[in-house]
Amino acid sequence: MTVGVGRVENAKYGVGFDEYVVPVRGFLLQRGKLAGIYVKDGIIPVTEELPKEVHQAVVHGHIKKEVTVREIHYGEEDIIEVLIEADYQSWTIFTTS
């Protein structure tokens, strides 16, 4: 089930975003490092460099079983960010432009 937070408009800068919470089905590890996250409709690749502590948290199971997906609207351009929470900190794992 995907829970939508809704669109937030920032009148000063003209930037809005939609934020969703997506449940995680599993993690793809390669040589002890997080390489992807399985969600309902496929896999989200890890394109950002993550610190060693995040990879260790995944291996030890200290990761929330959900990711946050943000669709940021800059005029006509949209950016999608995927964030994961590890040990009470959020890390960006995927970004498009």
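Of everything listed in (1) of a type outside the set (Lys, Arg); (2) at pLDDT 90 or above; (3) over 25 Å from PHE17 (Cβ atoms), the single unmet condition for ILE37 is (3). Looking across region 20-34, the residues that are closer than 13 Å to ALA57 by Cα and at pLDDT 90 or above come down to PHE27, LEU29, LYS33, LEU34.
Could you check, for region 80-88, whether at least one of its residues is modelled with pLDDT under 90, open to solvent by 70 Å² or more (accessible area, probe 1.4 Å) and farther than 13 Å from VAL21 by Cβ? Taking every residue of region 80-88 in turn, at least one turns out to be modelled with pLDDT under 90, open to solvent by 70 Å² or more (accessible area, probe 1.4 Å) and farther than 13 Å from VAL21 by Cβ. If you filter region 12-64 down to residues that are farther than 16 Å from ILE93 by Cα and without any contact (Cβ under 8 Å) to a residue 12 or more places away in the chain, you find that the one that is least open to solvent (accessible area, probe 1.4 Å) is GLY61. Close Cβ contacts (under 8 Å, 6 or more residues apart or on different chains) running from residues in region 72-86 that are over 15 Å from VAL39 (Cβ atoms) to residues that are assigned to a strand (DSSP E or B) and modelled with pLDDT under 85 comprise ILE72/VAL15; ILE72/GLY16; ILE72/PHE17; HIS73/VAL15; HIS73/GLY16; HIS73/PHE17; TYR74/VAL15.
The values are calculated or read from the model by the stated rules, or taken from the named source; none is laboratory data. Bear in mind the structure is a predicted one, so any value in this text is a computation, not a measurement. Quick reminder, even Gly has a Cβ in these numbers, built from the backbone with ideal geometry, and neighbours come from all protein chains shown. Only protein heavy atoms, including side chains, enter the accessible area calculation; ligands, DNA and RNA are left aside. Shrake-Rupley method; radii C 1.70, N 1.55, O 1.52, S 1.80 Å.
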